[in-house]
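What follows is calculated from the coordinates using simple rules that are stated; it is not laboratory data. Owing to the predicted nature of the structure, the values given are computational and were not obtained by experimental measurement. Please note: Cβ atoms are built from the backbone with ideal geometry, for glycine as well, and neighbour counts cover all protein chains shown.
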Amino acid sequence: MAFQSGPEAAEVVERASTIESAIESMSAGLAIYDRDDRLVECNEAYRRMYPEVRHLLRPGVSHEEILRAYYPGAPVTLVEGRSVEHTSASGCDGGSSISLQPTASFLAGSG
């Protein structure tokens, strides 16, 4: 992946900053995880919802590590459990996608 420079790079940075500001200004807690189930970003509202694991709410920490800290006595099936949902993609390649859904509901909510 090539890095951009000049006006294009400035536009990318400006868009990213706008998105980051919008996420941070939300009153609802929001956490974004990547395909490897690692935290990409979360807003302050989300951090306030889970003060017990606030120290773990940083980019790169796995969803499993956060769940294990939040639910220290939880059965393995709660922490490792996932339901797989197969959906047709409407993208231009006509492929399909698999969505991994957490079984624990603490990942979404409003403050």
Candidate set: segment 28-41, residues that are within 18 Å of R68 (Cα to Cα) and not aliphatic (A, V, I, L, M); chosen: the one surrounded by the most Cβ atoms within 10 Å (Cβ to Cβ): Y33
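Conditions (1) surrounded by 11 or more Cβ atoms within 10 Å (Cβ to Cβ); (2) touching a Cys at 6+ places or on another chain (Cβ under 7 Å); (3) of a type in the set (S, T, Y), marked per residue:
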| residue | (1), (2), (3) |
| --- | --- |
| P7 | no, no, no |
| T18 | no, no, yes |
| M26 | yes, no, no |
| A45 | yes, no, no |
Matching residues in segment 32-49 - criterion: being within 19 Å of S21 (Cβ to Cβ), among the acidic types (D, E) and touching a strand residue (DSSP E or B) at 6+ places or on another chain (Cβ under 8 Å): E41
